[in-house]
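The values are calculated or read from the model by the stated rules, or taken from the named source; none is laboratory data. A quick note: this is a predicted structure, and the numbers were derived from the prediction, not measured. Here the Cβ positions follow ideal geometry from the backbone for every residue, glycine too, while neighbour counts run over all protein chains shown.
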């Protein structure tokens with residue numbers, strides 16, 4: 001489970017790389033995994049992460 005800001009940063013780096021490779025669904029999945037613990041802890045970055053997740057999946061459709 002990803003709970004530390006360091007893990008969020010790693011997820012964001014992977015997300016960006018996958019977007020650059022046009023792997024939109026995979027980018028969505030990587031960041032969604034990091035978002036779940038943020039959501040449960042009401043982390044201040046949870047809404048930003050959710051927006052990025054939604055943005056990636058928009059490109060998939």
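Some values worked out for this structure:
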{"read-out": "Filtered residues of the range 15-48 (kept if farther than 15 Å from residue 61 by Cα, over 9 Å from the mean Cα position of the chain (by Cα) and crowded, with 16+ Cβ neighbours inside 10 Å)", "value": "18, 37, 38, 43, 46"}
{"read-out": "Inter-residue pairs, beta-carbon under 7 Å, first touching a residue at least 24 places away in the same chain (Cβ under 8 Å) and in the range 19-44, second outside any helix (DSSP H, G or I), 6+ apart", "value": "33/2; 34/2; 37/1; 37/2; 37/3; 38/45"}
{"read-out": "Qualifying residue in the range 2-9 (condition: part of a loop (DSSP other than H, G, I, E, B) and in contact (Cβ under 8 Å) with a residue 24 or more places away in the chain)", "value": "yes"}
{"read-out": "Hey, residue 26 modelled with pLDDT of 90 or more, in contact with a helix residue (DSSP H, G or I) (Cβ under 9 Å, 6 or more places away or on another chain) and not in a helix (DSSP H, G or I) or not", "value": "no"}
{"read-out": "The one condition in (1) assigned to a helix (DSSP H, G or I); (2) surrounded by 12 or more Cβ atoms within 10 Å (Cβ to Cβ) that residue 58 fails to fulfil", "value": "(2)"}
{"read-out": "Residue in the range 36-43 that is at pLDDT 95 or above, outside any helix (DSSP H, G or I) and at positive phi present", "value": "no"}
